[in-house]
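Read-outs: derived from the displayed coordinates by stated rules, not from any lab. Since we're looking at a predicted model, the values are computed, not measured. Note that we place each Cβ from the backbone using ideal geometry, even for glycine, and neighbour counts take in every protein chain shown.
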Amino acid sequence: MKKVFYLLLIPIIFAGCAANRNISTRPNFVAENYFLFGQAAMQQHDFESAVKLYKRSIEADPNDVYLKETLMETLALRAYFDKTTNSEIIEIGKIFCDKDIKSEKIYSILAESYRNEQQNEMAEKCYKKAIKIQPTMRNLISYFVFQQNTKPLGNIKLLKKAIKCPWDEEKLVLTIAGLYSEIDSAKSLEILIKVYQKWADETSLTPLLTSYEKQGLQNKVLEMIQLHIDNDRVLSNQIKNYLIGRYFMLKQYDKILENKSLCFEVGTYDILKYLFFSAIRKNDISTGIQAGFAIEESGEITEEFASSFYTYFADLYLSEDNYIEAAKNLVKADDINTIHSYIFEADISKNIERKEKKYQLLLQYLNISEDKNKANYLLGIFHTEFEEKDIAFVYLDQLSNSFINENELNRMVALAYLQNEMDIPKARSLLTDIEGMKISTNELIASLLMGTKHDSIAYSILKEEIETNPMPDVSTFSTCSILGEKYDTQDSLLIILEKGIALYPENSDLLNAMGYFIAKYELIEKYDEAEVYLEKAVSLQPDSEMIWDSLAWLYFKQKKIDEAIDAMKIPLLKEINHSEIAYHLGEIYLSLNKQKKAKFYFNLAIELDNEKQSVQLSKEKLSEN
């Protein structure tokens, strides 16, 4: 509570010892001269001389209480910086009090000095005498805080009495609210609301906001700050920043735009960013551009933020069909990967108008760029995306190998050549330049073709890799087992999987692929072998629902229904999110004549719809039953 004491003591000292005070009752001529010289010494911060002069003034007029109060206040001010002065205050105070002096001020200062000297019994007597003479708000608060520090609890009646005193000093009333917050939070809030209504400044606003925040009333916090701003009251930038930052976190972008004048007035980097992105989200182009300029002029754009900022800035201009300014900002964005992500956003193929705008932007970007490589790359990929291969090659063929390698664009450019003309030699030459590759070029080319209309070529390349590479990556075998079902015979696939297991006997994915392959195609003579593979796979990955499903399916094919149900315990413990597992469960329960459960899982397989064959088989089973 020491801070509270200082809060209460300092106003007494400075109010009592300020220079140029008027003497309420005029002392004799000699005393007045000493007093005035003492004031002059105080103006020079010469405590020692002031104390001596005030003492001489009291000697000249020993009955003047005001002179004694001034001396005590001066000593109290010195005691704030030099604690040894407390003993002098007590010594002089005793002399004054022995003469039955009636000064609330002297008893208050004396009480503080006794407290500082840990003479609590004497401090309490002085507090009581000060209150008896004049129960001021400050005296009542000081005595309450003193009690809190020396007894289990302060007397709440002191606070109740204090709050009824005239509200002349804002900080004292706020002190009462702070003390009440530990006793009665509702009363504390009530006082804080009234303090703000009376003074309506930041000093009274801040603790009110803190109180609302402690009670979880975040909307009230924002409401009060906004009200303060709307009434043109003085407010620090720190609270303004908090308001705008909070609005942004809550996605209240309209509120930020309503406060755009405030944002520009504060002009900090963070607050301008909040305004900039709010304008983008609410399609307020002019405000966004204005905020963008302000951010740029701040000179605080970080290297990490610059690329994304300038692409957003470019997009604002693009919205106004200002292709020149948009292209200038793309040049500033500089980072090719960030620009690529912006140009090829998810919806570009679905929005013809935006696609055309992006194309015009790229042409302008090419026109103004000093280094044409980036624009050529983007235009080459753009035409590749929209299957305009002849035009794509016009741009792609202009790219230098050094540009491709420096910007790590090998995969993208190789894929473009594969998509446009299945130029495998060109793709291979681009991919061999990649440093630190952990898989072979064939495997990388196949991975680029996976999921495209060239799946069959990917499979051929992977088969070639298995035939020519003595140690292909393990993923090559797994991928082949998936693609091979569409493009190869069972015998050929079996040979591939057997070679994979021979090379990677501890790989659970390969063991699972082989075991499931045998079960799926009902290679009865290999059932025992499949069981060994799958049991080993589950021991390697005991939490894998897919592997347990494979083992259950093998048991089902072997007519071991109880074992199949038991193997499905792990998948059933988890949320079923794969059509294949749901279909298998449907078949297992159907074999047990549990029609209701079987239908549930067949329907679930259809609903999940993430494995075509399982979905089709589930539909057939439902139509049969």
* Asked: Tell me, in nm to one decimal, what length is gained between Q134 and S591 on full extension, where the rule is 0.36 nm per residue of separation less the Cα-Cα distance?
  -> 154.9 nm
* Structure fact -> Checked against a 28 Å limit on the C-alpha separation, the offending pairs among K220/K251; K99/K128; K328/K453; K220/K282 are K328/K453
* **Crossing angle, helix 29-43 versus the chain [Cα axis fit, 0-90 degrees, rounded to tens]** => 20 degrees
* So, with +1 on the Cβ of K and R and -1 on the Cβ of D and E, and no other charges, what is the size of the charge dipole of the chain about its Cα centre, to the nearest 20 debye? -> 4480 debye
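Cα-Cα over 29 Å: which of K68/K125; K526/K597; K94/K164; K102/K160?
Pairs exceeding 29 Å: K526/K597; K94/K164.
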* Helix axis angle, 65-81 relative to the chain longest principal axis, alpha carbon, degrees -> 30 degrees
* Compute the FRET efficiency between D455 and I501 as 1/(1 + (r/R0)^6), taking r as their Cβ-Cβ distance and R0 = 22 Å, and round to the nearest 0.05. => 0.35
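What FRET efficiency would be calculated for the residue pair E169, E297, taking the C-beta separation as r and a Förster radius of 35 Å, to the nearest 0.05? Write down the numbers at each step before the final one.
Working: r = 44 Å, r/R0 = 1.26.
So the FRET efficiency works out to roughly 0.20.
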* To do: Provide the FRET efficiency to the nearest 0.05 for the E525-S308 pair, computing r from the beta carbons and using R0 = 41 Å.
  => 0.10
* Least to most buried among F293, F393 (fewest other Cβ within 10 Å first) -> F293, F393
* Charge dipole (region 443-509, unit charges on Cβ, about Cα centre) - positive-most of L448, Q490, N507 -> L448
* To do: Can you put I404, I106, I256 in order of Cβ neighbours within 10 angstrom, beginning with the fewest?
  => I404, I106, I256
* Point-to-point label distance, L622-D82, nm (Cα→Cβ direction, 7 Å offset) -> 9.5 nm
* Asked: What nm distance separates the two modelled labels at F600 and I193, each placed 7 Å from Cα along Cα→Cβ?
  -> 5.4 nm
* Structure fact -> Under the 7 Å Cα-to-Cβ spin-label approximation, S349 and S236 lie apart by a distance in nanometres of 5.4 nm
* To do: Name all residues of region 442-456 having a backbone nitrogen under 17 Å from the label point set 7 Å from the Cα of R428 along its Cα→Cβ direction, giving them as ranges.
  => 442-449
* To do: Return one quarter of the surface area of the convex hull spanned by the alpha-carbon atoms of the chain, equal to its mean projected area, in nm².
  => 46.1 nm²
* Structure fact -> Charge dipole of region 575-625 built from unit charges on the beta carbon (Lys, Arg +1; Asp, Glu -1), centred at mean Cα; most positive-end Cα among H578, V615, I588 is I588
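As a quick test, which of the pairs K151/K198; K151/K194; K255/K355; K486/K621; K171/K255 have an alpha carbon distance above 28 angstrom in this structure?
Numbers: K151/K198 34 Å; K151/K194 30 Å; K255/K355 32 Å; K486/K621 24 Å; K171/K255 32 Å.
Over 28 Å apart, Cα to Cα: K151/K198; K151/K194; K255/K355; K171/K255.
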* Taking neighbour Cβ counts within 10 Å as the exposure measure, how do M42, M72 sort from fewest upward? -> M42, M72
* Structure fact -> In terms of the alpha carbon gyration tensor, root eigenvalues a ≥ b ≥ c, rounded if a/c is under 1.5 and otherwise prolate when a/b exceeds b/c or oblate, region 454-501 is oblate
* To do: Sort out for me the Cα centre separation of region 105-124 from region 197-214, rounded to whole Å.
  => 32 Å
* **Set of aspartates and glutamates near K55 by C-alpha distance (under 16 Å), chain-local residues within fewer than 8 positions excluded** => E32, D46, D64, E69, E73, E88, E91
* By how many nm would the segment from E48 to C97 lengthen if fully extended, with 0.36 nm per residue of separation less the alpha-carbon distance? -> 15.3 nm
